[in-house]
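Chemist: Below is one structure. I have some questions about it.
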Amino acid sequence: MNTINRGSLYIVSTPIGNLEDITLRAIRILREVDVIAAEDTRITGFLLKHLNIQTHMESYHDHNKTKKTPLLINWLLRGKSIAIVSDAGTPGISDPAYTLVREAVRSSIKIIPIPGPTAVITGLSISGLPTDRFVFEGFLPPKKGRKNRLAKLAEEPRTIILYEAPHRLLRTFSDLLDTLGNRTIAVCRELTKKFEEILRGPLTDMINCFENKKIQGEFVLIIQGYTKKNV
Ligand code: SAM
């Protein structure tokens with residue numbers, strides 16, 4: 001029988017764009033828990049309205065997580081059920097849910113995964129680059145330390161995956177070219193959304209394609225791993 005476990009924390013994946021990409025189980029859990037902890041209550045409010053769900057929301061984001069984590073842990077210990085969602089995709093993958101999960105583990109709270117989309121796996125699956133072994137590096141540091149981080153990946157044979165913001169895309173292409181050479185890359189923009197675009201080719205082609213253009217949207221970059229041929 002499907003029931004909500006009292007005192008459990010549900011990690012609920014939500015769409016990365018297309019609102020149809022949510023599981024039946026995720027919808028039921030969001031409807032039945034006592035509280036939804038949301039990274040941005042406005043964005044999650046839009047999803048809940050679309051699904052006709054009225055569950056109470058609490059905001060939980062990078063700037064209030066230190067204060068909110070003990071409160072949510074206390075509610076869980078007292079028997080409330082909580083679902084955590086991020087703005088998009090799987091909570092904890094490059095977003096603040098990790099902190100709550102870590103503290104829930106420390107407090108021996110039951111944690112239940114409700115799997116679904118995540119941009120890293122969605123991008124990898126259509127990249128055309130090897131999927132059997134890969135390394136996810138999340139976002140590069142915005143300022144200092146970018147090239148150091150990339151230099152450590154110079155001889156990484158597994159496919160490399162990065163998240164990147166549109167305003168740093170060209171800088172990242174140029175840093176990748178300097179540190180890794182002219183590798184093949186799959187640039188995945190706006191996955192599952194109206195303006196979805198996947199470009200595949202050498203880094204220099206991507207620079208030509210994006211420079212002097214207004215760059216918009218969300219990006220996942222899938223980069224060929226090191227082989228003797230690509231140095
Ligand atoms: N938790 C999310 C997940 O499971 O993918 C990631 C959260 S992270 C704060 C947001 C980043 O994910 C974006 O800057 C972008 O790099 C990537 N991303 C999210 N949605 C995307 C989409 N529809 N297309 C391409 N990249 C996306």
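Chemist: So how far, in whole Å, is the C-alpha centre of the stretch 116-156 from the one of the stretch 190-214?
Modeler: So the two Cα centres are separated by 17 Å.
Chemist: Dividing the alpha-carbon radius of gyration of the stretch 186-231 by 2.2 N^0.38 Å (N being the number of residues), what value is obtained?
Modeler: 1.30
Chemist: Which value, in debye to the nearest 20, describes the size of the charge dipole of the stretch 8-117 about its Cα centre when Lys and Arg Cβ atoms bear +1, Asp and Glu Cβ atoms bear -1, and nothing else is charged?
Modeler: 420
Chemist: Using amide H atoms built 1.01 Å from N in the peptide plane, name the residues 5+ places from Glu164, or on other chains, whose amide H lies under 5 Å from its own.
Modeler: HN-HN under 5 Å from Glu164: Phe219, Leu221.
Chemist: Quick one: net charge of Gly217's neighbours, Cβ under 12 Å, K/R +1, D/E -1?
Modeler: Computed value for this residue: 0.
Chemist: Taking the dipole about the Cα centre of the chain, with the C-beta of Lys and Arg at +1 and of Asp and Glu at -1, give me whichever of Pro166, His63, Leu180 is farthest to the positive side.
Modeler: Highest projection toward the positive end goes to His63.
Chemist: With the cut-off at 22 Å, report for the stretch 48-121 the share of all Cα pairs above it, as a whole percent.
Modeler: Values: 639 of 2701 pairs.
Tail of P(r) above 22 Å: 24 percent of Cα pairs.
Chemist: Further question: If you put +1 on each Lys and Arg Cβ and -1 on each Asp and Glu Cβ, how big is the dipole of the chain around its Cα centre, in Debye rounded to 20?
Modeler: That gives the chain a dipole magnitude of about 520 debye.
Chemist: One-quarter of the Cα convex hull surface for the stretch 120-230, in nm²?
Modeler: 6.4
Chemist: Is the chain best put as rounded, prolate or oblate by its Cα gyration tensor, with a ≥ b ≥ c the root eigenvalues, rounded for a/c under 1.5, and otherwise prolate when a/b is larger than b/c, oblate when not?
Modeler: It is prolate, given that a/c is not under 1.5 and a/b is the larger ratio.
Chemist: Karplus couplings for the stretch 114-122 from phi (6.51 cos²θ - 1.76 cosθ + 1.60, θ = phi - 60°), rounded to Hz, Gly and Pro as x?
Modeler: In residue order, the calculated couplings are 10, x, x, x, 8, 5, 4, 6, 4 Hz.
Chemist: Can you put Ser59, Ser86, Ser13 in order, fewest other beta carbons within 10 Å first?
Modeler: Fewest to most other Cβ atoms nearby, the residues stand as Ser59, Ser13, Ser86.
Chemist: Hey, another quick one. Taking θ as phi - 60°, what are the ³J(HN,Hα) couplings along the stretch 153-164 by the Karplus curve (6.51, -1.76, 1.60), each to the nearest whole Hz, with x for Gly and Pro?
Modeler: Each residue's phi maps through the Karplus curve to give 9, 4, 10, 7, x, 7, 4, 10, 10, 10, 9, 8 Hz.
Chemist: Between Asp178 and Arg102, what's the calculated FRET efficiency when r is the beta-carbon distance and R0 is 35 Å? Round to 0.05.
Modeler: After rounding, the FRET efficiency stands at 0.50.
Chemist: Can you compute the modelled spin-label distance between Ile126 and His56, with each label point 7 Å from Cα toward Cβ, in nm?
Modeler: 4.0
Chemist: Angle between the Cα long axis of helix 169-180 and the longest principal axis of the chain, 0 to 90 degrees, nearest 10?
Modeler: Value to nearest ten degrees: 60.
Chemist: Please give, to one decimal in nm, the separation of the simple spin-label points placed at Glu197 and Arg158, each 7 Å out from Cα toward the Cβ.
Modeler: 3.0
Bear in mind these aren't lab numbers, they're just calculated from the coordinates by the rules spelled out. Small disclaimer: the values here were computed from a predicted structure and weren't measured. Quick reminder, even Gly has a Cβ in these numbers, built from the backbone with ideal geometry, and neighbours come from all protein chains shown.
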